[in-house]
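A short worksheet on the structure shown next.
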Amino acid sequence: MEIPNNEEPQENISFENRIDLSELQESVFKIKQQLKKVIVGQKDMMDLLIVALLADGHVLIEGVPGVAKTITAKLLARTIDVGFSRIQFTPDLMPSDILGTSVFNVKTSEFEFKKGPIFSSMILIDEINRAPAKTQAALFEVMEEKQITIDGQTFKLQEPFVVLATQNPIEQEGTYRLPEAQLDRFLFKINVDYPNADEELQILLKEQALENTTKASKIETVITGAKIVEFRNLVNQIKIEENLLKYIANIVVNTRSNSFLYLGASPRASIAILGASKAFAAIEGRDFVTPEDIKRATIPVLQHRVIVTPEREMEGLTSKQIIEQIIEAVEIPR
């Protein structure tokens with residue numbers, strides 16, 4: 001069919017990205033399809049885990065036992081061709097149990113460093129608040145520096161390096177609360193809720209269909225670690241207008257002057273929102289950030305970085321509700 005002279009072909013008027021994000025989008029789709037083979041619902045958790053992966057951030061997942069926190073993290077690691085370690089935090093866990101230790105070799109009469117489970121690309125830490133402060137501190141140093149110094153030797157960790165940590169918000173006996181400075185190291189805090197009735201039924205149907213197979217056996221590897229690093233470089237190139245940078249700054253600054261909050265967010269939170277909003281834009285196939293991307297990133301970035309005043313907490317107000325109020329109050333750039 002011929003196009004009339006007074007009309008332009010559709011391709012000429014459609015928006016074209018400066019960056020080719022098609023491979024990134026395709027890979028994200030494949031990862032989600034693999035997870036959906038086993039996981040029912042939990043769309044927000046899947047999206048945020050993938051965004052954190054692309055934004056080079058660590059994630060804290062909070063929820064009651066049995067809501068698929070651990071299994072989702074394990075299956076996500078299985079979709080990527082990288083090393084994976086799972087560490088169960090307990091009150092008697094020592095830093096050397098995570099980092100490794102020097103062992104005397106009788107044959108060579110020298111000490112040899114035996115690497116601990118942290119020497120992997122994806123680390124799943126179950127019940128992070130069960131380990132004592134000394135062990136937590138050793139972990140957070142690795143998360144920030146992505147290197148370990150032991151006995152005068154420095155070991156660089158292989159990229160991509162991501163920590164996915166879970167904690168139970170209800171059972172507090174025998175736990176060690178994470179200090180604010182350590183919580184700040186996590187890009188996101190994801191709150192996982194109970195499934196609804198339909199989702200509960202789907203969980204049971206999938207469990208029944210497993211028969212003699214395991215959940216992990218259904219998941220295929222669809223992407224390499226090198227591709228994740230490549231995609232991170234693409235995400236860094238996503239464009240954001242200066243008025244949107246001001247929008248991020250205004251939201252974060254408002255947390256510091258809000259009378260309902262005892263502690264506001266730091267500049268690290270602003271940088272985290274920036275990185276996460278770029279990743280949200282990328283998985284939508286856009287090479288530019290919109291206010292909606294920033295809104296999607298703001299709550300999971302901020303909710304663990306601010307502290308509600310005791311008075312408001314007694315009234316039942318949560319950090320999420322206050323952040324939502326701040327987002328509504330800050331004018332959206334046009």
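Structure data summary
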| read-out | value |
| --- | --- |
| Carbon/sulfur fraction of accessible area - the chain, other protein chains in place, 1.4 Å, % | 50 |
| Relative contact order (percent, whole number), the chain, Cα cutoff 8 Å, 6+ residue spacing | 23 |
| Kirkwood-Stokes translational diffusion coefficient of segment 288-334, alpha-carbon pairs, 20 °C, 1.002 mPa s, µm²/s | 182 |
| Computed helical MRE - 222 nm, the chain, DSSP H runs ≥ 4 contributing -39500 (n - 2.57), nearest 500 | -13500 deg cm²/dmol |
| Most fluctuating residue given options Ile150, Ile240, Ile271, as computed from a GNM of the chain linking Cα atoms under 10 Å | Ile150 |
| Part-to-part distance (alpha-carbon centres) for segment 234-281 and segment 204-226, which is given in Å | 37 |
| 10 Å Cβ shell holding at most 13 others, DSSP loop, GluC sites (Glu not before Pro): longest site-free stretch of the chain | 17-170 |
| Pairwise FRET efficiency - Ala137 versus Lys36, Cβ, R0 = 41 Å, nearest 0.05 | 0.65 |
| Lys239 long-range amide H proximity, modeled H, under 5 Å | Phe288, Val289 |
| Segment 176-334 - Rg over Rh from alpha carbon coordinates, Kirkwood radius | 1.06 |
| Three principal axis lengths of segment 212-293 [C-alpha, angstrom, descending] | 56, 32, 20 |
| Cross-link partners of Lys215 among lysines (Cα-Cα below 21 Å; sequence separation of 8 or more within a chain) | Lys30, Lys32, Lys36, Lys37, Lys43, Lys69, Lys74, Lys206 |
| Cα convex hull of the chain, projected area averaged across orientations, nm² | 24.5 |
| Relative contact order for segment 50-185, counting Cα pairs under 8 Å that sit 6 or more residues apart, in percent | 32 |
| Binned Cα-Cα distance frequencies in segment 88-235 - 10 Å width, integer % | 9, 28, 30, 25, 7, 2, 0 |
| Segment 108-192: radius of gyration over Cα atoms, expressed as a fraction of 2.2 N^0.38 Å | 1.23 |
| Rounded to the nearest 10 Å², the accessible area of Val40 at probe 1.4 Å | 20 |
| Coil-residue trypsin sites (Lys or Arg not before Pro) of segment 171-257, DSSP, other Cβ within 10 Å capped at 15 | Arg177 |
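The values are calculated or read from the model by the stated rules, or taken from the named source; none is laboratory data. A quick note: this is a predicted structure, and the numbers were derived from the prediction, not measured. Neighbour counts run over all protein chains shown; Cβ positions are idealised from the backbone, glycine included. The protein model used for the area step is the full one, side chains on, heavy atoms only, and it has no ligands, DNA or RNA in it. Shrake-Rupley method; radii C 1.70, N 1.55, O 1.52, S 1.80 Å.
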